Amino acid sequence: MKVFKNLKAGYPWTLKRMGGIFQVQLKSVEDLKALESLDPKLWVALSCPVNDLEIDRQTLSLIDNDADGRVRIEEMLSAIQWTLKRLARPESLFEGGDLPLDAINTSDPEGEKLLASAKQILTNMGESDSVSISVEQAANTAKIYGQSRLNGDGVIAKDATNDPELQQLITEIMDCLGSEMDRSGEPGITQQKMDTFFTELKAYEAWWTHGEINSAKGEDIFPLGDATPDAYTHFISVEKKIDDFFARCQLAAFDARAEGPLNHDVSLYTEIAGEDFSASRKDVERLPLAKVSGTSTVPILTGINPEWRRRMQALCEQVIRPLGIGTGDSLELNEWEQIKHRFDAYRKWRESKPETGVEKLSIARVREALASNLEVKLAALLAEDLALAPRMKSVDAVEKLARFHRDLIRVLNNFVNFNDFYDESRSAIFQAGVLYLDGRECRLCLRVSNPAKHAVLATLSRSFVAYCECRRKDSPAKFYIAA
């Protein structure tokens with residue numbers, strides 16, 4: 001063991017000769033503070049991967065600020081500085097393990113929020129008397145948020161309230177406008193979703209009221225009353241097809257020679273005769289609605305294209321018979337024009353409908369929601385949730401500090417120096433285990449993502465390297481090692 005003074009920084013480093021080189025030893029908080037002045041040439045590693053190391057990957061991911069999959073010296077120094085700032089007793093880092101609550105620095109507002117969040121986590125998990133918090137507790141979001149009715153993230157899940165009316169409203173908002181994911185893992189809604197929902201309700205209700213007023217003035221907007229919207233849906237589902245049929249018939253009436261080509265060539269039926277007709281067929285659907293002739297009559301129940309039979313039957317039952325136009329068994333061109341005319345005012349009114357997602361709801365439900373105080377109650381619930389934001393936003397910082405308290409020194413002893421590698425009582429984080437091969441014990445085993453690429457550089461080592469594919473009996477996942 002030697003004491004070495006870094007002339008550039010003036011800090012007396014303790015060095016230990018291991019593996020043929022002198023390696024800096026980290027024994028005190030002062031050593032950690034002085035690391036930013038340590039020449040990078042004296043760091044054993046300049047970077048390390050986030051993956052494929054025998055240490056909690058999430059800890060390394062939190063250090064990896066730019067999320068590029070590698071931890072570098074600058075990011076390691078940033079993690080050290082953040083951790084030292086957040087700890088009132090940073091010497092506890094060398095003990096590792098669970099984060100003591102009294103080790104958290106509460107001298108600034110951020111530290112106060114962090115401690116309050118740690119206590120909130122423990123309370124939510126039923127361990128309010130605990131004096132420390134583990135990584136498992138801090139990272140267990142299901143229990144942290146799942147047992148908290150409100151969690152400060154600005155998203156309200158249905159189970160955030162016991163009020164059945166509010167639960168129904170939240171469900172309707174999600175159905176109409178989609179949902180956001182609550183930190184508890186449940187879908188929910190935000191203030192923006194709620195505001196948009198009620199804005200659209202008002203616009204939709206105003207549009208509907210305008211139609212009712214014009215209808216009362218004598219304009220035939222709802223030819224079938226409350227059944228008009230459903231009837232119109234059936235009408236437009238066949239409108240173009242019927243228009244096409246009558247146009248073909250008119251052309252055939254003009255010139256009888258057009259009748260053959262306007263009905264599809266018989267060769268199609270020969271081609272498809274041996275195929276399956278039990279399922280819907282697009283090629284049949286594209287055929288004319290019925291057999292084209294010089295007469296302008298479309299059958300409704302017989303002689304109809306089989307792919308259109310159900311839609312034509314629905315048109316007969318929901319539109320033609322309720323309007324009292326024609327016999328219902330067939331449709332003449334003039335009768336079809338009458339039906340189209342009856343929907344003219346409704347079509348014009350419908351085209352003026354504002355673009356909303358709330359039309360899934362009945363107009364009765366829209367008016368019921370607007371007449372209630374549900375908007376006020378839901379806004380109050382969202383405000384109550386957001387009031388917790390300052391405390392709950394520090395939950396992530398609690399997990400980060402708990403991980404760094406447990407793992408940071410170990411990471412440093414595999415980054416600044418290789419103490420763990422040269423200590424026979426423990427393994428370095430880059431060692432994947434021990435391989436027993438042909439009576440030999442291989443202790444230098446490293447995880448590799450691509451043996452083929454790794455082997456290209458490995459040949460330069462002038463060492464014998466064995467690549468192995470490893471699997472667990474209870475898992476189909478596999479990984480590779482170089483021994």
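For region 354-378, the candidate set comprises residues that are touching a Cys at 6+ places or on another chain (Cβ under 6 Å) and not in a loop (DSSP other than H, G, I, E, B); within that set, the residue that is surrounded by the fewest Cβ atoms within 10 Å (Cβ to Cβ) is Lys360.
Select from region 175-186 the residues that are crowded, with 16+ Cβ neighbours inside 10 Å, within 15 Å of the chain's Cα centre (by Cα) and touching a residue at least 24 places away in the same chain (Cβ under 8 Å) and list them in ascending order.
Here is the first cut: in region 175-186, the ones crowded, with 16+ Cβ neighbours inside 10 Å are 176-177, 179-180, 182-184, 186.
Keeping just the survivors that are within 15 Å of the chain's Cα centre (by Cα) gives 179-180, 182-184, 186.
Correct list: Glu180, Asp182, Arg183, Ser184, Glu186.
Restricted to region 1-103, the set of strands (runs of 3 or more DSSP E) holding at least 2 residues that are among the charged types (D, E, K, R) and out of contact with any Cys (no Cβ under 8 Å at 6 or more places or on another chain) comprises 2-6, 11-18. When each of Leu224, Leu287 is tested for being among the hydrophobic types (A, V, I, L, M, F, W, C) and touching a His at 6+ places or on another chain (Cβ under 8 Å), the lone residue that passes is Leu287. In region 411-450, the residue that is nearest to Ile21 (Cα to Cα) out of those that are part of a strand (DSSP E or B) and over 38 Å from the mean Cα position of the chain (by Cα) is Cys442.
All conditions but one from (1) under 25 Å from Asp64 (Cα atoms); (2) open to solvent by less than 10 Å² (accessible area, probe 1.4 Å) apply to Leu382; the one that does not is (1).
When residues in region 283-332 are screened for being without any contact (Cβ under 8 Å) to a residue 40 or more places away in the chain, under 25 Å from Thr228 (Cα atoms) and open to solvent by 50 Å² or more (accessible area, probe 1.4 Å), 10 of them pass.
In region 202-256, the residue that is nearest to the chain's Cα centre (by Cα) out of those that are in a helix (DSSP H, G or I) and of a type in the set (Phe, Trp, Tyr) is Tyr204. For region 122-134, a tally of residues being part of a loop (DSSP other than H, G, I, E, B), open to solvent by less than 80 Å² (accessible area, probe 1.4 Å) and not polar (S, T, N, Q) returns 3. Looking across region 451-466, the residues that are surrounded by 10 or more Cβ atoms within 10 Å (Cβ to Cβ) and part of a loop (DSSP other than H, G, I, E, B) come down to Val465, Ala466.
The test for being surrounded by 15 or more Cβ atoms within 10 Å (Cβ to Cβ), part of a helix (DSSP H, G or I), in contact (Cβ under 8 Å) with a residue 60 or more places away in the chain and out of contact with any Pro (no Cβ under 7 Å at 6 or more places or on another chain) does not hold for Glu259.
The residue of region 385-443 that is nearest to Ile481 (Cα to Cα), among those that are among the small types (Gly, Ala, Ser) and open to solvent by 70 Å² or more (accessible area, probe 1.4 Å), is Gly439.
Here Leu224, Leu201, Leu251 are screened, and the one residue that is open to solvent by less than 50 Å² (accessible area, probe 1.4 Å), out of contact with any Ser or Thr (no Cβ under 9 Å at 6 or more places or on another chain) and not polar (S, T, N, Q) is Leu224. Looking for something in contact with a helix residue (DSSP H, G or I) (Cβ under 7 Å, 6 or more places away or on another chain), surrounded by 15 or more Cβ atoms within 10 Å (Cβ to Cβ) and at pLDDT below 90 - is there at least one such residue anywhere in region 264-280? Within region 264-280, not a single residue is in contact with a helix residue (DSSP H, G or I) (Cβ under 7 Å, 6 or more places away or on another chain), surrounded by 15 or more Cβ atoms within 10 Å (Cβ to Cβ) and at pLDDT below 90.
Quick one: in region 43-67, which of the residues that are free of Cβ contacts under 8 Å to residues at least 60 places away in the same chain and farther than 26 Å from Glu469 by Cα is surrounded by the most Cβ atoms within 10 Å (Cβ to Cβ)?
From region 43-67, those free of Cβ contacts under 8 Å to residues at least 60 places away in the same chain are 46-47, 49-50, 57, 61, 64-67; that's our starting set.
Right, trim to farther than 26 Å from Glu469 by Cα and you get 46, 64-67.
Values: Leu46: 11, Asp64: 21, Asn65: 13, Asp66: 10, Ala67: 8.
Once the filter is applied, the top-ranked residue is Asp64.
Residue-level check: of (1) among the small types (Gly, Ala, Ser); (2) at negative phi; (3) modelled with pLDDT under 90; (4) surrounded by fewer than 13 Cβ atoms within 10 Å (Cβ to Cβ), Ala206 misses just (3).
Tally the residues that are hydrophobic (A, V, I, L, M, F, W, C) and either touching a Gly at 6+ places or on another chain (Cβ under 9 Å) or under 21 Å from Val292 (Cα atoms) (or both), restricting the search to region 319-344. Number satisfying all stated conditions: 5.
Is it the case that some residue within region 108-121 is under 25 Å from Lys27 (Cα atoms) and either buried (at least 16 other Cβ atoms within 10 Å of the Cβ) or among the basic types (Lys, Arg) (or both)?
So the first thing to find is which residues in region 108-121 are under 25 Å from Lys27 (Cα atoms), and the list is none.
No - not one qualifying residue is present in region 108-121.
Provide a single number: the residues in region 151-174 that are in contact (Cβ under 8 Å) with a residue 24 or more places away in the chain and closer than 30 Å to Ala138 by Cβ.
Our first condition is that a residue be in contact (Cβ under 8 Å) with a residue 24 or more places away in the chain; within region 151-174, this holds for 151-161, 163, 165-166, 169-170, 172-173.
After this cut, where a residue has to be closer than 30 Å to Ala138 by Cβ as well, the list is 151-161, 170.
Of the residues in region 151-174, 12 are in contact (Cβ under 8 Å) with a residue 24 or more places away in the chain and closer than 30 Å to Ala138 by Cβ.
Across region 6-15, the qualifying residues are those that are touching a strand residue (DSSP E or B) at 6+ places or on another chain (Cβ under 9 Å) and touching a residue at least 24 places away in the same chain (Cβ under 8 Å), and the one among them that is surrounded by the most Cβ atoms within 10 Å (Cβ to Cβ) is Trp13. Screening Glu469 on (1) at pLDDT below 95; (2) open to solvent by less than 50 Å² (accessible area, probe 1.4 Å); (3) touching a Pro at 6+ places or on another chain (Cβ under 9 Å) shows it passes everything except condition (2).
So for region 459-479 (the condition being in contact (Cβ under 8 Å) with a residue 40 or more places away in the chain and polar (S, T, N, Q)), does at least one residue qualify? The answer is no; no qualifying residue exists. On the given criteria, is Asn140 surrounded by fewer than 20 Cβ atoms within 10 Å (Cβ to Cβ), among the polar types (S, T, N, Q) and under 30 Å from Pro100 (Cβ atoms)? When the stated conditions are applied, Asn140 passes them.
The values are calculated or read from the model by the stated rules, or taken from the named source; none is laboratory data. What you see is a predicted model, and the numbers here were worked out from it, not measured in a lab. As a convention, Cβ positions derive from the backbone with ideal geometry for all residues, glycine included, and neighbour counts pool all protein chains shown. Keep in mind that these areas ignore ligands, DNA and RNA; they rest on the heavy atoms of the full protein, side chains included. Shrake-Rupley method; radii C 1.70, N 1.55, O 1.52, S 1.80 Å.
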